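A.B. asks: Have a look at this one.
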Amino acid sequence: MATVGVLHPGEMGAALGGGLTAAGTRVLWASEGRSAASAARADAAGLEDAGSVAQLAGASDVVLSVCPPHAAREVASAVAGAGFGGLFVDANAVSPATAAAVAAIVAGPGARYVDGGIVGPPPRRRADARLFLAGGAAHEAAALFAGTVVDARVVSADDATAASALKMAYAGWTKGSAALLLAVRAAARELGVEDELLAEWERSQPGLEERWDAAARAAAAKGWRWTGEMEEIADTLRAAGQPEGFHRAAAEVYRRR
């Protein structure tokens, strides 16, 4: 059975790693430079500390990168710098262009690249989230999660960045529309018509205030991470010939939270 290294066990990474350890897979993480909170999550998920990224890369057959979008290239460079030649699964919320750049980085020492995109919350049950995978080794990566709570699905074995494209399109609506909701209520408050807006939402858009509540809670906890994701979505839309301004603005909304 393959040994999997997870960089880095945030809430999502720890959940993915925990799903693997529950199925009997040896899963490593690297404590060097990480926080006490990361250590606690890794311990709870049953992950084994390899010490450094270099040591993790040397002991792993598969490296799973789950980090904020702005750090995707940095993590890939650290793994490549350690000479990793196994299977590198990049499960980050990045544009297809960034995914291609990451693939080029890890290919240097001979690693095989799999593009990944996660939709849904950290998985506790199989129905919670999907890990979409793409590329020539996508089926091999999906097989790692057979029998776990992680619902791994191959989008394409031919399009090496299809999983990232799907993630960008999905989050472009869910998190992009949430940012718009936050912005319009903030504007109504500033303009002195917030109570009237909420009353009209109740009449004509039932459930919208509850959605605002959920968006506000999520943005308070994760807005710092979503700023970069909105920028990646903007890049994706621009490359697809669509206006990018929606998500540049959404990035600013999350930056202000």
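Every read-out reported here was derived from the displayed coordinates using simple, explicitly stated rules and does not represent laboratory data. As the structure is a computational prediction, the values presented were derived from the model and not from experiment. Cβ: placed from backbone, ideal geometry, glycine included. Neighbour counts: every protein chain shown.
A.B. asks: Give me, ordered by chain and number, the residues 5 or more places off Ala157 or on other chains with an amide H under 5 Å from its own placed amide H.
C.D. replies: Gly135
A.B. asks: Region 92-167 to region 24-67: how many Å between their Cα centroids?
C.D. replies: When both Cα centres are located, 19 Å separates them.
A.B. asks: I would also like to ask the following. Could you work out how far apart the two model spin labels at Asp49 and Glu74 are, taking each label as a point 7 Å from the Cα in the direction of the beta carbon, and quote it in nm?
C.D. replies: 2.1
A.B. asks: Now, a different point. If you bin every alpha carbon distance in the chain into 5 Å steps from zero, what whole percent lands in each bin?
C.D. replies: Spelled out bin by bin, the chain gives 1, 7, 13, 16, 18, 16, 11, 8, 5, 3, 2, 1, 0 percent.
A.B. asks: Which value in nm describes the separation of the simple spin-label points at Glu200 and Ala36, placed 7 Å from the Cα toward the beta carbon?
C.D. replies: My value for the distance between the label points is 4.9 nm.
A.B. asks: Ok, one more. Beta carbons within 10 angstrom, averaged per residue: use that to sort the peptides 93-106, 33-46, 146-159, highest first.
C.D. replies: Descending mean neighbour count gives 93-106, 146-159, 33-46.
A.B. asks: Could you tally the net charge around Gly136, taking each other residue with its Cβ under 13 Å from the Cβ of Gly136, Lys/Arg +1 and Asp/Glu -1?
C.D. replies: So the surrounding residues net to -3.
A.B. asks: Using +1 at the Cβ of each Lys and Arg and -1 at the Cβ of each Asp and Glu in the chain, identify which of Ala71, Gly81, Ala239 lies farthest towards the dipole's positive end.
C.D. replies: Gly81
A.B. asks: A further question follows. Residue separation times 0.36 nm, minus the C-alpha to C-alpha distance between Ala22 and Glu209: what's the value?
C.D. replies: Here the segment from Ala22 to Glu209 would lengthen by 63.5 nm.
A.B. asks: Turning to a different aspect of this structure: What distance in nm separates the two pseudo spin-label positions at Ala186 and Ala143, each 7 Å out from Cα along the beta-carbon direction?
C.D. replies: The answer from the label model is 4.8 nm.
A.B. asks: Whose amide H sits under 5 Å from the amide H of Leu28, counting only residues 5 or more places off or on another chain, with H placed in the peptide plane?
C.D. replies: It is Val4, Gly5, Val6, Glu48, by chain and number.
A.B. asks: From the phi angles alone, apply the Karplus equation (6.51, -1.76, 1.60; θ = phi - 60°) to region 155-164 and give each ³J(HN,Hα) in whole Hz, x where the residue is Gly or Pro.
C.D. replies: My calculation for region 155-164 gives 7, 7, 8, 9, 8, 5, 10, 5, 5, 5 Hz in order.
A.B. asks: From the backbone phi of region 186-196, what are the Karplus-calculated ³J(HN,Hα) couplings (6.51 cos²θ - 1.76 cosθ + 1.60, θ = phi - 60°) in whole Hz, Gly and Pro given as x?
C.D. replies: For region 186-196, the Karplus-derived couplings read 4, 5, 4, 5, 5, 8, x, 10, 4, 4, 5 Hz, x marking Gly and Pro.
A.B. asks: Hey, another quick one. Averaging sequence separations of C-alpha pairs under 8 Å and six or more residues apart, then dividing by the length of the chain, give the relative contact order as a whole percent.
C.D. replies: Normalised by residue count, the contact order of the chain is 14 percent.
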